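Data first, discussion second: the structure below is written as C-alpha cells.
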Amino acid sequence: MKNVFITGTGLYTPPNKISNQELVAAFNIYVDNFNGQHKSDIANGSKQALEYSSEAFIEKASGILSRYVVEKSGILNPKIMHPLLPERQDTELSYQAEMGVAAAHQALDKAGLKASQIDQIIVACSNFQRPYPAISIEIQAALGAGGSAYDMNVACSSATFGIQNALAAIQSGIYNNVLVINAEICSSHLDFTDRDCHFIFGDACTAIVLQADSKPNSFKVLSSQLQTLYSNNIRNNSGFLDRTDPLSIGNRGKLFKQAGRKVFKEVLPMVSDHIAQHLATSKINPAQLKRLWLHQANLSMNQFIAKKVMGRVVENDEAPTILDEYANTSSAGSIIAFHKYQTDLQPGDIGLISSFGAGYSVGSLLIQMV
C-alpha cells in the first residue's frame, strides 16, 4: 500500500466572537422574561422556574471562555436566542461551502497544490444545512477541483472517519490527493435557552490535504483506528421527517441534547481504551507520543483521557487546548488543535489525533513528522 502524508491544514474562524459574559447576560434576561411570563404556572407547579447561568458555572463545567459564531445578534437577543441566517438563493454559495472554500485555500497553499490537482473532496461534519446537492460537490465546483466529492456524518468523530476514508482511497491507489473538510455551524443546532448546554458549541471550519507524496514538515500517517458503539446519550433528532410529525414544531427534543453524566461515565473509558489498544497494535509506547490533539469538547474529559493514556499528568503543550477560545466545534476541534500546535515538532516526532462523540464514535490517527 502507498504511504499517506498530511501536507497541509487550513482553518476558517468566523468573525463574530461571543464571550461567556455576553452569553450569560442574554441568557439571564431570557430567564427573567420566562419566569415572569409563567409566574402563575411556576407557583402551581405546572412549570419549573429557570435558573440563572454564570461565567463561573460555564468555566467550571467546560473550560470554555468564548466561542466564534457565524451570526451573533440573534443568539444574544433574549427574544430570539438562536442565530439569524437568512436562506441564500440557490445560485449563491451556501454558508458551509463558503467556510469550506476559505479553509481549503489555506490547506492547499500550505500543501503547495492547486485545486485542480485534488482528486477527491470529503466534507465530514455533524450537521449539513441540506441533504443535496452535496456541500462537498458545491465546494468542488467553487474551487475548480477535479475528481469526485461526497458528504459524510459521524457527528464529532467525522474528522477522523473522513480522514480514514481519504487514507483508504490513497492507499488503494485510486487517488493521490484528497481534501477533507469539516464545516461546522454548531450554533444552529444548539438550544441557547437550556442552561445545561447553552455555552457548549461554537462555529469553525477546518481542512486537511492528504497526499501520496511527502513534503518537508508533513506528517506521515502511521495507522488509524475507528470504533462505534450505539448510545442514545447524545442525540440530535432534527431531520427531514420533522414536517410529518404534528408535535415537531417547537419540540426541544429535535435539537442537540445529551445526558452529560452518562456521557462522561461511558465515553471516557471507551476513548482511553481505544487509544491504548491503538498504540499497542501499532507497537508504540505512550512515552513516544510528543503531542495529543484531542477532541475539544470538555477540558476535564481531555485531561482525564490524556492522563489515562500517558500514565501521568500531561502538560498543556503536550495536549493543547483550543476549546477555551473556540468552545466545542464538533468534528473541527481536534483538527483546529492540530492546525495551531504542530510547527514546533521535529522530524521523527510522533503524535496522535483523536475525535470522539455521539454514536458513540471514536477515531484516532497516529502520525509522524517527516
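State whether segment 220-369 is rounded, prolate or oblate according to the following rule on the C-alpha gyration tensor (a ≥ b ≥ c being the square roots of its eigenvalues): a/c under 1.5 gives rounded; otherwise a/b larger than b/c gives prolate, and the remaining case gives oblate. Since a/c reaches 1.5 and a/b is larger than b/c, the shape of segment 220-369 is classed as prolate.
Restricting to the chain, compute how many DSSP beta bridges are antiparallel as a %, nearest 5. Of the beta bridges lying entirely in the chain, close to 70 percent run antiparallel.
Quote the FRET efficiency, to the nearest 0.05, computed for residue 300 versus residue 346 with a Förster distance R0 of 30 Å and r equal to the Cβ-Cβ distance.
0.50
Across the chain, the longest piece that holds none of the chymotrypsin sites (Phe, Trp or Tyr not before Pro) lying in DSSP loops with up to 15 other C-beta atoms within 10 Å covers 53-229. Here's how it looks for residue 360: its modeled amide H is under 5 Å from those of 229, 230, 231, which are all 5 or more places away or on a different chain.
By the helix-only formula, in which each DSSP H run with n ≥ 4 contributes -39500 (n - 2.57) and the sum is divided by residues, the chain has a 222 nm mean residue ellipticity of -10000 deg cm²/dmol. In this simple spin-label approximation, residue 280 and residue 44 carry label points 7 Å from Cα along the Cα→Cβ vector, and these lie 6.1 nm apart.
Please compare each pair in 114/220; 17/79; 47/79; 215/265; 60/307 to a cut-off of 30 Å on the Cα-Cα distance and tell me which ones are over it.
215/265
Under 12 Å from the Cβ of residue 345, count the other residues' Cβ atoms, weight Lys and Arg +1, Asp and Glu -1, and hand me the total. In short, -2. Bridging of residue 39 to aspartates and glutamates at a Cα separation below 16 Å is possible for 51, once same-chain residues fewer than 8 apart are set aside. Put the Cα centre of segment 261-331 next to the Cα centre of segment 161-205 and the gap is 18 Å. Applying 1/(1 + (r/R0)^6) with R0 = 41 Å to the Cβ-Cβ distance of residue 223 and residue 105, what FRET efficiency is obtained, to the nearest 0.05? In this case the efficiency is close to 0.85.
The overall shape of segment 1-147 is prolate: from the C-alpha gyration tensor, with semi-axes ordered a ≥ b ≥ c, the ratio a/c is 1.5 or greater and a/b exceeds b/c. Once the Cα atoms are used to define both axes, helix 260-281 deviates from the longest principal axis of the chain by about 0 degrees.
Computed from Cα atoms, the angle from the helix 299-310 axis to the main principal axis of the chain rounds to 30 degrees. Here the chain is scanned for GluC sites (Glu not before Pro) in DSSP loops (not H, G, I, E, B) that have at most 13 other Cβ atoms within 10 Å, and the longest stretch holding none of them is 93-314.
Would you work out if segment 80-142 is rounded, prolate or oblate? Take a ≥ b ≥ c from the square roots of the eigenvalues of the alpha-carbon gyration tensor; rounded if a/c is under 1.5, else prolate when a/b is larger than b/c, oblate otherwise.
Prolate.
By the count of neighbouring beta-carbon atoms within 10 Å, fewest first, 367, 335 end up ordered 367, 335.
For residue 313 and residue 287, the FRET efficiency from 1/(1 + (r/R0)^6), where r spans their Cβ atoms and R0 equals 25 Å, is about 0.95.
The numbers here are math on the coordinates, done by the rules we state, and not lab data. Quantities reported herein were computed from a predicted structural model and do not represent experimental measurements. Reconstructed Cβ throughout: ideal geometry from the backbone, glycine too, with neighbour counts over all protein chains shown.
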